[in-house]
Amino acid sequence: LQGFREQAVRVAEKKASQRVEREKMRLIVSRVDGIWNGIAPGVVIQLEDGSKWKLANKDEHYGGQADHPAVAVWKAGIFGWKMRVSSIAEFYVLQVK
C-alpha cells in the first residue's frame, strides 16, 4: 500500500502541474509594444511579450488611441483567440507565426 500511495501522489502532482501549464497557455496578459492607433485587417499587433496577432475577421476595424495599453488574449473555446485592448476594443485574433 505504501508504494501505491507514493505513486498516486506523483501522478497527481504531475497532472496538477500540466493543468497549470495548460491554463497559462489559455491566457496571455501583456501590453502593446508601442502606441495603439487602432486596428484594421492586415495590421499586426506586436505585444511586449514578443507575440504577434492580427484580426481574424477581415471586415472589422477598431479605433482608439493609447500609449502601450494593457492587453489580455485568451482562448475563446472553439472560436479561437479573443483579445481585449484596455477599455478600447475586444475582438477575435489569429496568432502570427
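The values are calculated or read from the model by the stated rules, or taken from the named source; none is laboratory data. As the structure is a computational prediction, the values presented were derived from the model and not from experiment. Don't worry about glycine lacking a Cβ; one is built from the backbone with ideal geometry, like all the others, and counts go over all protein chains shown. When the accessible area is computed, the model is the full protein with side chains, heavy atoms only, and any ligands, DNA or RNA have been set aside. Shrake-Rupley method; radii C 1.70, N 1.55, O 1.52, S 1.80 Å.
Ranking ILE35, ILE78, ILE45, ILE28 from most to least accessible surface, computed with a 1.4 Å probe over the protein chains only, gives ILE78, ILE35, ILE28, ILE45. Averaged over its residues, the chain has an accessible area of 71 Å² per residue, based on protein heavy atoms and a 1.4 Å probe. Largest accessible area first, the listed residues VAL29, VAL85 line up as VAL29, VAL85 when surface is computed with a 1.4 Å probe on the assembled protein chains. Taking all Cα pairs closer than 8 Å and separated by 6 or more residues, the relative contact order of the chain comes to 25 percent.
Using 25 Å as the Cα-Cα cut-off, could you pick out the over-long pairs in LYS15/LYS54; LYS52/LYS82; LYS58/LYS82? The pairs that break the limit, which is 25 Å between Cα atoms, are LYS15/LYS54. Within the stretch 67-97, what residues put their amide N at less than 16 Å from the label point 7 Å along the Cα-to-Cβ vector of SER30? Zone members listed by number: 68-75, 81-86, 93-97. Taking the 1.4 Å solvent-accessible surface of the chain as the whole, the part contributed by carbon and sulfur is 53%. Think of the chain as having a plus end and a minus end, set by charges on the Cβ of Lys, Arg, Asp and Glu; of TYR92, ALA12, ALA40, ALA12 sits farthest toward the positive end of this dipole. Helix 2-26 and the longest principal axis of the Cα set of the chain meet at an angle near 0°.
Other residues whose C-beta falls under 11 angstrom from the C-beta of GLY34 contribute a net charge of -2, scoring Lys and Arg +1 and Asp and Glu -1.
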